[in-house]
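The structure under discussion appears below in the form of structure tokens.
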Amino acid sequence: MKAIWSRTVVIAVFAAACNSAVGGDRYGDPLPDNAIARLGTIRLRHQTSPTNGVAFSRDGTMLVIGGYGGEVTVWERATGKLIRRFGSDAVVDDRYVTCTISPNGTEVLTLSLYKRVLNRWNIKTGKKKAYKLPNVKRVDSATFSADGSTLAIYDGKDTIVVFATAAGVNEMARIGVKGHRTRKIALSADGAKLTFLSEKSVCVWDVSTKTALGTITPGKERYKAVVFTADGKQIGVIVESNKKRALVFYDCATLKEDRRTPVSRVTDIDIAVSPDRKILASGYFKSVALRDLENHKKDLICKGGSQPLFSPDGKTLAVFSRIANVDYALRLWNVKTGKESPAFAAHACDVIGMGVSKDGKTVVTLDEDGFIFNWDVATQTPSQRGKLFIAKALAITPDGKFTAAIGQSFAHLGKTFGAKKLKRVGLIAGWTTQAKISPDGKLLIVGGDSSCRTGGLCGFSIPEGQEQFRVKFKEGIRCLAVSPDSKTIACWDDQDIMRLLSAKDGSVIKEVKQPGNMQRDADIAFSPDGKVLAVAGGSLVCYDAGTLKPLKMEFDTKATSGGQHISGIAFSSDGALLAAGSIDGSIFLYDANTGKTKARIAGHRGRVNVVAFSNEDKKLYSASSDSTVLIWDLTRILKN
């Protein structure tokens, strides 16, 4: 309950900040107060919760998304522009919402599963009418018909109840399913038919007459998923036998098999069939595969998504990409070309790595899906650079000429501009966790975790990529930093041992066992004069860089999400300020000498993973799990 309330407060702060902003981003959307640019977009981003409901309007011009936390968003399909947001400040104790758009396109219908309430939201006015579901004690799963006229609810035990939703909620049918172990329910587009699937059978009912049309039993096959075709005349069922799967269409009137097509890359529940029954969309390992069912053409993969849904005309496919634990991106793909439309020049998941050139004109970012972008700050436009299979960290040289990106067990290095891809330069012992480039731009330091029974550090020369040293430790490295003179490496491992090492050969200079409580998302930074080490990993603590003893300086981090931890940190170039990103999306500016809070900056909707100052300390850059980078006017912030 505390965590849900905390998220709601963050949303309120974010909304207030955006409303007071002057100007907008590249797409015309408002910026938070004191922000001067946004690298990325907030369009088609559903904040606060993993999404479990999405629907197109009947004419395909709008989309509605609902999810945990009670928030519902309505978007313009052509541009991705937000039309209306409902419920973000109201429902804080309900955790699951399924939704649709009314047949006339004027209302959004949402089902609050824990409260068992049907809400009707007027899209134009934002007003709501609520209807308690009669004679329903528990809701396990639910689905609306595509036209929004009918709602089916499964209680998780032995009953499916069907309601008409044209005016309030009126019970149409109550179907007993005891003994079926129902796994999936689906309604035809007009709500006239209902099908429910168990591992042993698929049943089809006529809702209006409350009669069973029949049951399909698989024999030796197992049923995995079921959907209605757009006209409601057939159902498509994913069947499995001997580890092979097929999509089988059955006629609803006769329940006889009409067509069978072998398929691959199909999950148990994430499937959709195009209105013309020619294409199957199925979720597969953070992607959606499109399968031509007539010509058996090779699957066309829409990267980074799940929960596919076709538009009414079948030309657009909507899929989800998880940005963070509390944020999703809706992505729309042209079915014919396989290209994203609208195609935003933006990341679609957590931005976990960021590097800023010394002149502040170039920002390089890495997201959790492994995509690397080079951003021109003046135009706020990127060019896609490359893709890593599993992304861990990113760094660029101070002059911005070379970029290093860290994947699963390899370091990759290359020119920031001109090179088509980064070159693999070395195998790391275990999975990589951290990467930093020395201030002189000559050395890449990579830290590994203990997944291969050993952790350690590796050093590679820039630009050659030659290994300079390799140091092994019993535990993995959580965070590391290089001193301003490029001579010393500081690191913190999984056993809370803090070390100083020589950047020349990796030899240990000093090590001290520190008190515990270091969080996984940790960061460490040297002050510009090299005398202080700031460490963030829950709390924020400063150490003497020579003795590794904590300094008598206390930072106020209690205001961040009820005391939750600090993530990315950075010193200003003059050493006067220390910036700290928080898990709640805030950025704190501290006096680096006293620990006193100078400012709190609100604007991100997710955890701030990386922060960086511009060389002249007039701007602050922040990369967040909300998929964006924000650039802040430090002069204005400190003045206010």
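The values are calculated or read from the model by the stated rules, or taken from the named source; none is laboratory data. Note that the structure is predicted; figures quoted are calculated from it, not measured. Glycine also receives a Cβ, built like all others from the backbone with ideal geometry; neighbour counts cover every protein chain displayed. Just so you know, the surface numbers come from the protein's heavy atoms only, side chains and all, with ligands and any DNA or RNA stripped out. Shrake-Rupley method; radii C 1.70, N 1.55, O 1.52, S 1.80 Å.
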Review point. Any idea which of (1) more than 22 Å from residue 606 (Cα to Cα); (2) buried (at least 20 other Cβ atoms within 10 Å of the Cβ); (3) among the β-branched types (Val, Ile, Thr) is the one residue 377 doesn't satisfy?
Key: (1)
Study note, to complete from the structure: Reported set for the range 213-241 where residues are more than 35 Å from the chain's Cα centre (by Cα) and part of a loop (DSSP other than H, G, I, E, B) is 217, 218, 219, 220, 221, 233
Review point. Can you pull out the residues in the range 613-640 that are within 30 Å of residue 44 (Cβ to Cβ), touching a Lys or Arg at 6+ places or on another chain (Cβ under 9 Å) and either of a type in the set (Asp, Glu) or open to solvent by 10 Å² or more (accessible area, probe 1.4 Å) (or both)?
Key: 626, 633, 637
Review point. Hey, does the range 155-162 have a residue that's in contact with a strand residue (DSSP E or B) (Cβ under 8 Å, 6 or more places away or on another chain), open to solvent by less than 10 Å² (accessible area, probe 1.4 Å) and assigned to a loop (DSSP other than H, G, I, E, B)?
Key: no
Review point. Assuming residue 441 fulfils every condition listed in (1) over 19 Å from residue 481 (Cα atoms); (2) modelled with pLDDT of 75 or more; (3) among the small types (Gly, Ala, Ser); (4) open to solvent by 10 Å² or more (accessible area, probe 1.4 Å) apart from one, which condition is it?
Key: (1)
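Could you check the range 574-591 and list, in sequence order, the residues that are open to solvent by 10 Å² or more (accessible area, probe 1.4 Å), among the hydrophobic types (A, V, I, L, M, F, W, C) and within 18 Å of residue 541 (Cβ to Cβ)? Reasoning before the result, please.
Quick first cut of the range 574-591, residues open to solvent by 10 Å² or more (accessible area, probe 1.4 Å) only: 574-577, 583-584, 591.
Applying the additional criterion that residues be among the hydrophobic types (A, V, I, L, M, F, W, C) yields 576-577, 583.
Matches in the range 574-591: 577, 583.
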Practice item. Looking only at the range 106-142, count how many residues are within 22 Å of residue 62 (Cα to Cα) and open to solvent by 30 Å² or more (accessible area, probe 1.4 Å). Key: 8
Review point. Looking at the range 477-498, which of the residues that are modelled with pLDDT of 95 or more and of a type in the set (D, E, K, R) is nearest to residue 444 (Cα to Cα)?
Key: 487
Practice item. Could you pull out every one of the strands (runs of 3 or more DSSP E) wholly within the range 288-342 that has 1 or more residues that are open to solvent by 20 Å² or more (accessible area, probe 1.4 Å) and either among the polar types (S, T, N, Q) or at pLDDT 75 or above (or both)? Key: 306-310, 327-334
Study note, to complete from the structure: Here the residues within the range 197-210 that are at pLDDT 90 or above and either of a type outside the set (D, E, K, R) or in contact with a helix residue (DSSP H, G or I) (Cβ under 7 Å, 6 or more places away or on another chain) (or both) are 202, 203, 204, 205, 207, 209
Revision key, fill the gap. By residue number, the members of the range 177-192 that are touching a strand residue (DSSP E or B) at 6+ places or on another chain (Cβ under 6 Å) and open to solvent by 30 Å² or more (accessible area, probe 1.4 Å) are 183, 184
Point to revise | Test result for residue 583, at pLDDT below 90 and in contact with a strand residue (DSSP E or B) (Cβ under 9 Å, 6 or more places away or on another chain) | key: yes
Study note, to complete from the structure: Scanning the range 503-518 residue by residue, the ones that are within 15 Å of residue 460 (Cα to Cα) and surrounded by 15 or more Cβ atoms within 10 Å (Cβ to Cβ) total 2
